[in-house]
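Encoded as structure tokens, the structure appears first; notes follow it.
The values are calculated or read from the model by the stated rules, or taken from the named source; none is laboratory data. Computed from a predicted model, the values in this text were never measured in an experiment. Here the Cβ positions follow ideal geometry from the backbone for every residue, glycine too, while neighbour counts run over all protein chains shown. With ligands, DNA and RNA removed, areas are computed over all heavy atoms of the protein, side chains included. Shrake-Rupley method; radii C 1.70, N 1.55, O 1.52, S 1.80 Å.
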Amino acid sequence: MGGNAIAVEEAVESLLSYVNKPSDYEELPLLGGLGRTIRGDVCARINQPPFDRSPLDGYAVIHSDLIGASKQKPARLRVTQYICAGDVPHSTLKPGEAARIMTGAPLPAGATCVVRQEVTDGGNDVVGIYQTQSEYENYCFSGEDIAVGQPLIRDGDRLDCVRMGVLAGQGFAQVKVYPKPKVSLFSTGNEVSPIGGPLEPGKIYDSNCCLLSLRSVEIGADVVAMDCLPDDPETLASALQKALCCSDLVITTGGVSVGAHDHMPLVGEMLGAHRLFHGIAAKPGSPALALEKDRKLVLCLSGNPFAAFATFELLAAPVIRKLSGRSIVMGKRLIGTLMECFNKPSLGRRFLRARLEAGSVYLPGGRHASGMLCSLVDCNCLVDIPAGSGGLTAGDPVEVIML
């Protein structure tokens, strides 16, 4: 298998070539769109703010009325209006006049600045102002945050709380989003037991289905099937055939290496599936197998928990993002500074779990074995170590893929 292993990038390109961005969509209430992918560009339909407004409590005035104003010689102006947020100014401000105004309230026509109340005597009928101000000081213009017609969200963007807040400020009560892709996940192996039951001798609880199904949901998928399957080719083939009927992507863990019970290559043949690749030039998870049947993908990953997670991030996550309609499908790459040594040479390409904070990359305590999952806790990236690298030392620049 080693001689046939392909680069991670080549594997991803092969997988994505069989995946199409969805053409249909569904319309949801705005609050139901969190985490979904927007369908179509969305542009502003009103200015934000929709009117010139005050950013603080004070007095709206004409700046030229304040020339020479000081604590010793305040400018005295007649207060002709009292404007709160939600009010509408009833007249144009004239020279010698001031409008008492609250934060967020519309500015009256004619006003050219706002004086904060702390530099006034707080007068109700006549106000004394103790300082000069420039034109449009403390003045928020209509549309200075968002102008009508301005692009707000691009097709393929993921809706987070900030984007949804922007849409709410524009009055959008509903959003058009791409449908969620349907993913099925199976842990294979006679040793794997479902969580919740007793653990018999020689068995292990199934962490892979839990880990990868929840990660699939985080990325934007619906998990429609999840199960533990024994090392039996006919059972495996039957389960995968059923899953392909209701799924856009099927993911399995275990059974992809060269052991006597590693049946997934045979299962692919039994399904009549086209093999895209078997083996990637990277650790962990090098035995990864990809199959295609009727333009649907089956991705078979290592059964070791961290290997399964790492290859899921490298191979499955881009597929799920594209199936979700996302415009950016690859994980974000950054450069950081390694803060501790990793002495093991990397003859082949290697991915390490790590945490990136303010440009510094920290490796977790404990061992980095592919069967160990606990050291992945609090990690937010994978360190991409090129093939042929010697041991890494503190201070070395490293490239990371954000999770």
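The table for this structure:
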read-out	value
Matching residues, the range 117-158, being in a loop (DSSP other than H, G, I, E, B) and touching a Lys or Arg at 6+ places or on another chain (Cβ under 6 Å)	130, 156
Residue, farthest from residue 36 (Cα to Cα), within the range 137-150, restricted to residues that are open to solvent by 60 Å² or more (accessible area, probe 1.4 Å) and in contact with a strand residue (DSSP E or B) (Cβ under 6 Å, 6 or more places away or on another chain)	137
Matching residues, the range 204-232, being open to solvent by 70 Å² or more (accessible area, probe 1.4 Å) and not acidic (Asp, Glu)	204, 205, 214, 217, 226
Whichever residue in the range 6-19 is in a loop (DSSP other than H, G, I, E, B) and either touching a residue at least 12 places away in the same chain (Cβ under 8 Å) or not polar (S, T, N, Q) (or both) and, among such residues, is surrounded by the fewest Cβ atoms within 10 Å (Cβ to Cβ)	7
Positions within the range 247-262 being crowded, with 19+ Cβ neighbours inside 10 Å and over 27 Å from residue 222 (Cα atoms), in sequence order	262
Number of the condition not met by residue 187 [criteria: (1) open to solvent by less than 60 Å² (accessible area, probe 1.4 Å); (2) touching a Phe, Trp or Tyr at 6+ places or on another chain (Cβ under 9 Å); (3) in a strand (DSSP E or B); (4) not hydrophobic (A, V, I, L, M, F, W, C)]	(2)
Subset of the range 21-62 [farther than 27 Å from residue 164 by Cβ and open to solvent by 50 Å² or more (accessible area, probe 1.4 Å)]	57
Checking residue 134 against (1) open to solvent by less than 60 Å² (accessible area, probe 1.4 Å); (2) of a type in the set (Gly, Ala, Ser); (3) in contact with a helix residue (DSSP H, G or I) (Cβ under 7 Å, 6 or more places away or on another chain), the condition it does not meet	(1)
Filter result (surrounded by fewer than 23 Cβ atoms within 10 Å (Cβ to Cβ) and not in a loop (DSSP other than H, G, I, E, B)) within the range 284-298	292, 293, 296
Elements of type strands (runs of 3 or more DSSP E) in the range 304-403, at least 1 residues being open to solvent by 50 Å² or more (accessible area, probe 1.4 Å), more than 30 Å from residue 186 (Cα to Cα) and free of Cβ contacts under 8 Å to residues at least 24 places away in the same chain	350-357, 360-362
Residue in the range 55-66 that is at pLDDT below 95, of a type in the set (S, T, N, Q) and at negative phi present	no
Among residues of the range 21-38, those that are part of a loop (DSSP other than H, G, I, E, B), within 24 Å of residue 298 (Cα to Cα) and touching a residue at least 40 places away in the same chain (Cβ under 8 Å), counted	4
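The rows are residues; the columns are (1) under 21 Å from residue 387 (Cα atoms); (2) in contact with a strand residue (DSSP E or B) (Cβ under 8 Å, 6 or more places away or on another chain).
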| site | (1), (2) |
| --- | --- |
| 319 | no, yes |
| 322 | no, no |
| 327 | no, no |
| 331 | yes, yes |
| 335 | yes, yes |
| 340 | yes, yes |
